[in-house]
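One structure is given below, encoded as structure tokens.
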Amino acid sequence: MIDDIRVGALIAGSSIKRGNKKTLVFIVFVLSLIFMNLVFLPSMIGGMTVLFTGFMRDYPYGDIVIEPTGDNTYINNADNVLKKVRAVEGVRAATKRLDVGASIEHKQNVVGATITGVIPTEEYDISQYPYIIKEGDFLGDLSRDEIIIGSIISGTSTTFGEIYDDLGETRTGSLVDVTYSNGVKRTYKVKGIMEGNFELVDLNAMVHYKEIEDVYGLDSGKATSVVVRIDEQGTEDEMKDKIREAGVNEKIFTWADKSETLIRQAMQSLGAIDTMSKFVGLIVGAALILIIIYINILNRKKEIGILKAVGITPRSIVLSYAFLSMFYVSIGIFAGLILYLSLMLYFQANPVVFYETMEIRPQIDVMLLIESIATMLTLSVIAGTLPAWSVSKESILKAIWGR
Amino acid sequence: MITVKDLKRYYGSGDMTVKALNGVSFEINKGEFVAIMGASGCGKTTLLRILALLDDATDGEYTIRGLKVSSLPEAERSYYRLTQVGYVFQDYALINEMTAAENVYILSMMEGKSKKESYKVALEALDKVGLKDKHDRIPDELSGGEKQRVAIARAIAKKPDIMFADEPCANLDTRNSEQVLEVFKDLNDNYGQTIVMVTHEPWHVKYVDRVITFQDGVLVSDEWVEEQ
Ligand SMILES: Nc1ncnc2c1ncn2[C@@H]1O[C@H](COP(=O)(O)OP(=O)(O)OP(=O)(O)O)[C@@H](O)[C@H]1O
Ligand SMILES: [Mg+2]
């Protein structure tokens, strides 16, 4: 077997060294494109995912979010939960929120919105809300008759303006009437307008936590969610376990758990396209390698016969073709990687921009790269070996003299 | 050294059967340089391919040094081809992407020798055919005669029991043919190499010891050549 490998390598080596260089360049070029095709689109999708997951952390869910169990609308002892959570090592900050449904009215314009009751001072450590006030100011501890509205609702969103109903040029200082889902009406002064260029944010409004408690007549300590930020990103799952161990019996999700369904839906169509293009790419790649090797083998059928006639084992011959196609593919992958990385560099510097402000930078997924490389190498061995195998089985006389 | 008994090789079947060899018997002893002659289509190539284990006889017996090689399984025949039998093709049959040396030493490597040792063996063989200084040329950079000498080097590098050559000079001009035949003669005279060569050319006879003549698949004469 070792002799077979040595001889196979010798045959492949000489055929590479003294074979047609133009063909080699062409083969490598095409293979590098196939590789690119396998990894590029997923990288872009990865970039979009990162963008979306960033939103998930920064606004609705934090790193970890705790929600009521079962059919409960509220976490009943949110303060207790908060106390337990804050005591867990690795937790950086935590706060409670109350999400409710409401309609907002301003000069005969009515829009539906989720209004989130927040504890303003705590949000600075939890979310980006306080930092995306594009007009006016964020809520303060004493803000009881004030509201923050998203830019889409206010009608000042430059990105989503056309798509949604709005209140018609509401400004800081405007008065809006809010009717809560339980029928209670309140009038608020717009304290600020927030814009995150993210529908979940810009379609929302925000008042003081106490205000919601008051409107709904809740006992203190009720919350629809407890939002947690941790010290170290990437340890969400461990932290989730730790929080549970700390005695929190509510439902605990990481941002990834939460966004999964959302992202999955958003990405599903893209993912399907990606899978399709991957599949087609692989088939085309395999077919190409197969054809290249097959033509090569047909051209060298006589040589294969000669090699066998002088006593070279069929196994060495098949191995030589496996080596040959592995070589083609390795060089192709190498060239493809260079191409890919330069494209990545380019897009890091010049991200694709969506909605004018959402910058998508493609993500390099090492696992995906390894997977693609392994797939292509495996395919190359199969595609290179199969035709060689069938020819090497032919009788010597037929291979050399054609009969 | 080799014994052939009532060897038959038929092509096709029924009415279309071609009896390329129709019962051939002879013996060749160590150190002989034998020419096989006869009109075109009389079965010379057919015989040689069977002797070199490239083809199977329809019937009959073939032994090398008493071993019945005609009934060996393919893997062993392959090993025999590699180690015991040299074959020189009419059209050289070199691997075009390999240098002269590589064409020769690939066989030693197949036998399990180290690369260095294989290279040494190859250079020795190339030296015997007078091509040591052209060992790193590829076939395209060699003349027809030189290519055929590389092919001979490949056949003799393993020091085979017996070497077969099917019209080795058919594609060569007289000068190149003479060079090749001189190499054969030298191998036969100085190294005792047993050689069986198919040829058409009457003037080749002066290089050989013995001439076997065929006609329509049967042996019609077997004569020793007088030393001149
Ligand atoms: N594969 C084959 N199928 C059918 N008939 C064949 C085959 N190979 C050879 N023959 C026939 O067998 C006979 C002997 O052929 P062979 O090639 O041995 O002749 P040869 O003596 O070598 O001729 P030449 O001097 O022209 O090379 C011829 O009639 C040939 O047509
Ligand atoms: Mg012939």
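Observations on the model:
- Electrostatic dipole magnitude of the stretch A:69-249 [Cβ: Lys, Arg +1; Asp, Glu -1; Cα centre; debye, to 20]: 460
- Peptide B:148-158 has a mean shielding of 1, counted as Cβ atoms of other protein chains within 10 Å of each residue's Cβ.
- The relative contact order of chain B comes to 28 percent, based on Cα pairs under 8 Å that sit 6 or more residues apart.
- Heavy-atom accessible area with a 1.4 Å probe sorts A:LYS22, B:LYS147, A:LYS251, A:LYS393, largest first, into A:LYS22, A:LYS393, A:LYS251, B:LYS147.
- In terms of accessible area, using a 1.4 Å probe and ignoring ligands and nucleic acids, A:TYR164, B:TYR191 rank largest first as B:TYR191, A:TYR164.
- Spin-label pair A:TRP389/B:THR63, simplified geometry with 7 Å Cα→Cβ offset, distance in nm: 4.1
- Separation of the stretch A:148-196 and the stretch B:41-99, taken as the distance between their Cα centroids, equals 93 angstrom.
- If you take all other residues with their beta carbon under 10 Å from the beta carbon of B:LEU181, and give Lys and Arg +1 and Asp and Glu -1, the sum is -2.
- Share of alpha-carbon pairs per 5 Å distance bin for the stretch A:282-342, given as whole %: 4, 15, 20, 22, 14, 10, 7, 4, 2, 1
- Net charge contributed by nearby residues that have their C-beta within less than 11 Å of A:ASN37 (K/R +1, D/E -1): 0
- Heavy atoms of A:VAL248 accessible to a 1.4 Å probe, total area in Å² rounded to 10: 0
- Between A:THR23 and A:TYR131, the C-beta separation translates, for a Förster distance of 60 Å, into a calculated FRET efficiency of about 0.55.
- Principal axes of the stretch A:69-249: Cα extent on each, largest first, Å: 51, 34, 29
- Heavy atoms of A:THR69 accessible to a 1.4 Å probe, total area in Å² rounded to 10: 50
- Think of chain B as a dipole: +1 on every Lys or Arg Cβ, -1 on every Asp or Glu Cβ, centred on the Cα centre; then among B:ILE64, B:SER143, B:PHE26, B:ILE64 lies furthest on the positive end.
- Rg and Dmax over the alpha-carbon atoms of the stretch A:1-119 stand at 30.2, 89 Å.
- Average other protein chain Cβ within 10 Å of Cβ, residues B:98-111: 4
- Applying Stokes-Einstein at 25 °C and 0.890 mPa s to the Kirkwood radius of chain B, computed over alpha-carbon pairs, gives a translational diffusion coefficient of 137 µm² s⁻¹.
- Cα-based convex hull volume of chain A per residue, rounded to whole Å³: 186
- Solvent-accessible surface (1.4 angstrom probe) belonging to B:THR17, in square angstrom, nearest 10: 50
- Shielding of B:52-58 by partner chains, average beta-carbon count, 10 Å: 3
- With 10 Å bins from 0: P(r) over the stretch A:23-76, alpha-carbon pairs, percent: 19, 22, 20, 16, 11, 7, 4, 0
- Translational D in µm²/s for the stretch B:17-128 (Stokes-Einstein at 25 °C, 0.890 mPa s, Kirkwood Rh from C-alpha pairs): 150
- Value of relative contact order over the stretch A:1-126, rounded to a whole percent, pairs C-alpha under 8 Å and six or more apart: 13
- Global geometry of the stretch A:108-196, whether rounded, prolate or oblate, following the gyration tensor of its Cα atoms and the 1.5 cut on a/c: oblate
- Listed residues B:ALA101, B:VAL220, A:LEU379: farthest to the positive end of the dipole of the protein assembly as shown (Cβ charges): B:VAL220
- Pairwise Cα distances in the stretch B:145-184 exceed 14 Å for 39 percent of all pairs.
- Remark: spin-label model distance A:SER103-B:ASP127 equals 10.6 nm, labels positioned 7 Å along the Cα→Cβ axis.
- Long pairs among A:LYS17/B:LYS44; A:LYS302/B:LYS185; B:LYS120/B:LYS206; A:LYS134/A:LYS278; A:LYS301/B:LYS185; A:LYS17/B:LYS147, criterion Cα-Cα beyond 31 Å: A:LYS17/B:LYS44; B:LYS120/B:LYS206; A:LYS134/A:LYS278; A:LYS301/B:LYS185
- This model, with +1 at the C-beta of Lys and Arg and -1 at the C-beta of Asp and Glu, gives chain B a dipole about its Cα centre of some 620 debye.
- Dimensions (Å) - the stretch B:94-190, Cα atoms, principal axes, largest first: 38, 29, 22
- Largest to smallest accessible area among B:ASP161, B:ASP91 [probe 1.4 Å]: B:ASP91, B:ASP161
- Around A:ILE297: net Lys/Arg minus Asp/Glu count, Cβ-Cβ under 15 Å: +3
- Global size of the stretch A:180-247 as Cα Rg and Dmax, reported in angstrom: 16.8, 44
- A crude spin-label estimate for the pair A:VAL110 and A:ILE291, with each label 7 Å from Cα along the Cβ direction, gives 6.4 nm.
The values are calculated or read from the model by the stated rules, or taken from the named source; none is laboratory data. Only a predicted model underlies this, so the values are computations on that prediction, with no experimental measurement involved. For neighbour counting, all protein chains shown are included, and Cβ atoms are generated from backbone atoms with ideal geometry for every residue, glycine included. Accessible surface is based on the protein model in full, side chains and every heavy atom, while ligands, DNA and RNA are left aside. Shrake-Rupley method; radii C 1.70, N 1.55, O 1.52, S 1.80 Å.
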